[in-house]
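The values are calculated or read from the model by the stated rules, or taken from the named source; none is laboratory data. Just so you know, these numbers come straight off a predicted model, no measurement behind them. Positions of Cβ are generated from backbone atoms using ideal geometry, with glycine treated the same way; all protein chains shown enter the neighbour counts. Side chains are part of the model used for accessible areas, which takes the heavy atoms of the whole protein and leaves out ligands, DNA and RNA. Shrake-Rupley method; radii C 1.70, N 1.55, O 1.52, S 1.80 Å.
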Amino acid sequence: MVKRSYQLLELAQHLDAVLVGDPKHEISALATLQNANAHSLGFIANPAYKKYLTSTQAGALLIHPDLQDEFSGNKLVTTNPYIAYARASALFSSAPVPTVGIHPTAVVGENCVIASDVSIGANAVIGDAVILAEGVVIGPGCYIGDDSLIGKNTRLAANVSIYHGITIGENCILHSGCVIGADGFGFAPQAEGWLKIHQLGGVVIGNNVEIGACTCIDRGALDDTWIADGVIIDNQVQIAHNVRIGKNTAIAGHSAIAGSTTIGANCTISGAVAIVGHISLTDKVHITARSLVSASISEAGSYSSGTPLAQTKDWRKNAARFRQLDSLATRLIKLERK
Amino acid sequence: MVKRSYQLLELAQHLDAVLVGDPKHEISALATLQNANAHSLGFIANPAYKKYLTSTQAGALLIHPDLQDEFSGNKLVTTNPYIAYARASALFSSAPVPTVGIHPTAVVGENCVIASDVSIGANAVIGDAVILAEGVVIGPGCYIGDDSLIGKNTRLAANVSIYHGITIGENCILHSGCVIGADGFGFAPQAEGWLKIHQLGGVVIGNNVEIGACTCIDRGALDDTWIADGVIIDNQVQIAHNVRIGKNTAIAGHSAIAGSTTIGANCTISGAVAIVGHISLTDKVHITARSLVSASISEAGSYSSGTPLAQTKDWRKNAARFRQLDSLATRLIKLERK
Amino acid sequence: MVKRSYQLLELAQHLDAVLVGDPKHEISALATLQNANAHSLGFIANPAYKKYLTSTQAGALLIHPDLQDEFSGNKLVTTNPYIAYARASALFSSAPVPTVGIHPTAVVGENCVIASDVSIGANAVIGDAVILAEGVVIGPGCYIGDDSLIGKNTRLAANVSIYHGITIGENCILHSGCVIGADGFGFAPQAEGWLKIHQLGGVVIGNNVEIGACTCIDRGALDDTWIADGVIIDNQVQIAHNVRIGKNTAIAGHSAIAGSTTIGANCTISGAVAIVGHISLTDKVHITARSLVSASISEAGSYSSGTPLAQTKDWRKNAARFRQLDSLATRLIKLERK
């Protein structure tokens, strides 16, 4: 674990912020306002946290010009403290730096093209004709199938599974346990049971995509499943065959998108959302947590389904009435007519 | 990656279709009507795609007799184009053919019985007393626990985990990241916390079963968890201990079935469905997406729960009224009585 | 697979039960009342199973004093037969006993502290400066990142992924495919797309915690994600960054908890529940299956959301009326005023 320390002046320059305070003050960590100490850099991006400004022990704060008078310590003033915090987070990352080279226990197939600065971890298995571009990191225990291509500086954590014929862009991060390119769920009904439809398409993933732990993206039936540049996907998300996801769309944990659905650019899909197959969502659609999307959406905006939480004894009475809702409505209309 | 090419006459014979057109025309791929070229075989199984019949560039089409007059190119006429497409898909699969033999980096325990044509991938680990029948393929990085048995021609993709004492039938496909035989979630409440109930049962999986990526099937508490022949299960499905699933039932992605529930044969469970424990669903039950099944179902048919998607601002008003539903109904009844 | 057999007297002593019957009767298995044979120990913890007391073939029963006159065979009488069953289950476990030592194919980094009786399975990969305490078992194919610490007697099944800087307590069980310490889903919105916020916190897991297959617990953004002693978590559960879960809380399969949410002690979260971020649940809260928790809960008790299952044709009518619910309520109020 590398520990780094920076003087405030260095940080101000790096983060394009205006320094107010001691330029030589040493900062060795990022911290929340509540847990910060004299060598921590804190930040305030949400006015709800203003109450901590008087009590925080932070050695310096990332702060908006409008708030700077409310904090008397060292500060790095910037119009977007949250972006500055994100940029600072890269400086203080404790993630281990992978060793360049192919670990002796890794197994690499034939006819691969592997850049000289690639890191392949212990017990990883690389198939035949795989292309790994400059700066790629393959974690321990990963599997990369034949004919797959991984773009520059993309990093796979441990135990990622990539099937054959998959294309992944540059600067992506894939977390442990994610599976890219398993067969789409395609079967033709027969007189007795199901006949498998072999999934002949692949998966194409753009640049700057992050894919969470245990997330699955299936290969296409004939054409490819497609994830655009800048898409961010949380853990345990299921993306079925031939789904297409537009640029910079964000999908939170435990959501599922059924086959052949198209999602536009700059959408935000909250956690535990389900989206049925063969529909289309336009750009800038927001879906709230745990909603079911069962039809196409052609207008940007926020959409929801579900019922609010209640004490179970109250919920039970209301839920029972849901079963009578059509009847109740019909009777209300009848009363109105009288 | 193997590229294959077939003459139309060969395909017609293989697919039991009637050839209308050039018997020597070469076909090297399957494609959608929209993306087909002169060497692609297209198919039309859904009348909604009729509009593409005049513009498709497909070198030949799988087509129903009723539609054949609407397409002027080469055609393979069959009463079930979708089944013919599924059969053709096997011919054009680009999935790598696994190498027979035990990779030198694989680790195999004692007293195993491994057929001579089995393929065990790099860095796979096989426990003691494991039986792998003819034609079994174990992908790289898989783990098979002691005393487990895998039937003929069953294939495990990379990084599958099978615990001890598990039985898997013939011609099954298990996708990456799936876990078979982890402990069921069984604990006895104590004065302080929980006491683990060791899960002594196993998992028995029939023939021709497909199990998706990151799907989990837990071992039974005392008896076995049981999956019948022909069951197909998509990705990220959770099947708890002592669940029993009948023949040819299909379960789409992100569904969850709680402990000791029995599901009949020929059911179709859509995506993101949850089914509570200790209930029973008869044969031929269909559950729509994102439903919660909280009681047994004794009659075949289609079942649903949930509320429809709406713009969040409208949904919020209606959802708030859901909380008053019992009161509203009571007041409606009172008005009716007047 | 070890087969064990016990005389009833031994079992009575071990389970603190009163023996009524033949002290030398041999018991070699636990079984349900329905499937028990002469050498099985059955149990009755639920009066619903009283009907099997006359027909069961069990060689002996764990039984409550109130019921003991209803069974004429050998019995072990105890005031808590379910706890006695749980304790007996440990005696009859068929789980393989791991071999002490580091498998020659495992890879261990530098500066690790590994107790002499630790078991590290084949093809496992251990990073640098990892601490594995007495009795730890690391399954085949597991990955443990740098600077992580695993407490006494904690066992990891095959193919578990632990990132760097993670702390896991004593006597925990982690099932296959689970991922501890992947990056939390933190991104700052930019003019164009998302800027990654590096996740600098870790994960701290207490003692006696069980974590199911394919469950993910993300590392914190700045502070740690925190799981207290005695928490039990089923399969495919998503626990986002900076979540805090109190002592002895149980979370059933396929549930998801969004970032920075705090859950109290002794809660029971049923299957497929979703809990939004930045809220707080007090102690002893019970959430029923498939509910969405979208606001803090400050009072212990049972909570629910959702609508009941119905035949799809009926459900459709009622669901359509849900869209009119606010309008219907307004109109009802108008009628009442007349």
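Assuming 0.692 mPa s and 37 °C, estimate D for region B:23-92 with Stokes-Einstein, Rh taken as the Kirkwood radius over Cα pairs, in µm²/s. Show your work: numbers first, answer last.
Details: Rh = 11.7 Å.
In µm²/s, the coefficient rounds to 280.
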| request: Using every pair of alpha-carbon atoms in region A:1-152, split the distances into 10 Å bins beginning at 0 and state the percent of pairs per bin, rounded to integers. | output: 11, 32, 16, 16, 18, 6, 0
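Ignoring ligands, DNA and RNA, how much accessible area is buried between chains C and B, both sides summed, with a 1.4 Å probe, to the nearest 100 Å²?
Working: alone 18640 and 18650 Å², together 31400 Å².
Adding both sides of the contact gives about 5900 Å².
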| Solvent-accessible area of C:F92 with every protein chain in place, 1.4 Å probe, in Å² to the nearest 10 | 30 Å²
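How big is the antiparallel share of DSSP beta bridges in region A:1-153, given as a percent to the nearest 5?
Details: 5 of 25 bridges.
In region A:1-153, DSSP labels about 20 percent of beta bridges as antiparallel.
What part of the accessible area of region C:98-155, given as a whole %, is carbon or sulfur when the probe is 1.4 angstrom?
Numbers: 1200 of 2250 Å².
Heavy-atom surface of region C:98-155 belonging to carbon and sulfur, 1.4 Å probe: 53 percent.
Got a number for carbon plus sulfur as a percent of region C:6-91's accessible area, 1.4 Å probe? Working shown, then result.
Details: 2040 of 4140 Å².
The value for region C:6-91 is 49 percent carbon and sulfur by accessible area.
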| request: Considering Cα pairs under 8 angstrom that are at least six residues apart, work out the relative contact order of chain C and quote it in whole percent. | output: 6 percent
| task | Return the single residue from C:G141, C:G206, C:G59 with maximal mean-square fluctuation; model: Gaussian network over chain C, springs between Cα atoms under 10 Å. | result | C:G59
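If the viscosity is 1.306 mPa s and the temperature 10 °C, what Stokes-Einstein diffusion coefficient in µm²/s follows for region A:259-323 when Rh is the Kirkwood radius over Cα pairs? Mind dumping the intermediate values first?
Numbers: Rh = 13.1 Å.
Translational D for this selection: 121 µm²/s.
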| said: Can you tell me what share of the DSSP beta bridges in the protein assembly as shown is antiparallel? A percent to the nearest 5 is fine. | reply: 15 percent
| remark: Highest GNM mean-square fluctuation among C:R244, C:R316, C:R219, for chain C with Cα springs under 10 Å, belongs to C:R316
| task | State in Å² the accessible area per residue of region B:268-323; use a 1.4 Å probe, count heavy atoms of protein chains only, and round to the nearest integer. | result | 41 Å²
| query | What are the residues whose amide H is under 5 Å from the amide H of C:V107, where those residues sit 5 or more places off or on another chain and H is modelled from the backbone? | reply | C:A124, C:V125, C:I126
| task | Give the nm distances, rounded to one decimal, from A:R337 to the matching residue in every other copy, measuring between label points 7 Å along Cα toward the beta carbon; shortest first. | result | 2.4, 2.4
| field | Separation of alpha-carbon centers, region B:262-279 and region A:213-275, rounded to whole Å | value | 25 Å
| If you take the beta carbon distance between B:Q311 and A:H278 as r and set R0 to 25 Å, what does 1/(1 + (r/R0)^6) give as a FRET efficiency, to the nearest 0.05? | 0.70
| field | Residues of region C:6-91: accessible area per residue with a 1.4 Å probe, Å² | value | 48 Å²
| request: With N denoting the number of residues in region C:158-309, provide Rg(C-alpha) divided by 2.2 N^0.38 Å, to two decimal places. | output: 1.02
| query | From largest to smallest, what semi-axes in whole angstrom does region B:12-56 give when each is the square root of 5 times an eigenvalue of its alpha carbon gyration tensor? | reply | 19, 13, 10
| field | Chain-alone versus full-assembly comparison, region B:116-147, residues with accessible loss of at least 20 Å² (1.4 Å probe) | value | B:A122, B:N123, B:V125, B:P140, B:Y143, B:D146, B:D147
| request: Return the residues of region B:250-289 for which accessible area with all protein chains present is lower than in the chain on its own by 50 Å² or more; set the probe to 1.4 Å and exclude ligands, DNA and RNA. | output: B:H254
| note | One would report the antiparallel percent of DSSP beta bridges in chain C, rounded to the nearest 5, as 10 percent
| message | I need the inter-copy label distances for C:G301: point set 7 Å along Cα to C-beta, values in nm with one decimal, smallest first. | response | 3.5, 3.5
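Computed over the Cα atoms of the protein assembly as shown, what is the ratio Rg over Rh, Rh following Kirkwood? Can you show the working numbers first?
Details: Rg = 29.4 Å, Rh = 30.0 Å.
Radius of gyration relative to Kirkwood radius: 0.98.
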| task | Considering only A:D223, A:D22, A:D147, give the residue with the highest GNM mean-square fluctuation for chain A, with springs between Cα atoms whenever their separation is below 10 Å. | result | A:D22
| said: If you average the C-alpha positions of region A:295-337 and of region C:79-126 separately, how far apart do those two centres end up, in angstrom? | reply: 51 Å
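Can you divide the C-alpha Rg of chain C by 2.2 N^0.38 Å and report the result to two decimal places? Working shown, then result.
Values: Rg = 25.4 Å, N = 338, 2.2 N^0.38 = 20.1 Å.
For chain C, the normalised Cα radius of gyration comes out at 1.26.
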| query | Can you give the helix-only mean residue ellipticity at 222 nm for the protein assembly as shown, where every DSSP H stretch with n ≥ 4 adds -39500 (n - 2.57) and the sum goes over all residues, rounded to the nearest 500 deg cm²/dmol? | reply | -3500 deg cm²/dmol
| note | At q = 0.18 Å⁻¹, the log10 of I(q)/I(0) for region B:100-236 from a Debye sum over equal Cα scatterers comes to -0.92
| task | Between C:S296 and A:T79, with labels modelled 7 Å along Cα→Cβ, what's the label distance in nm to one decimal, could you check? | result | 3.5 nm
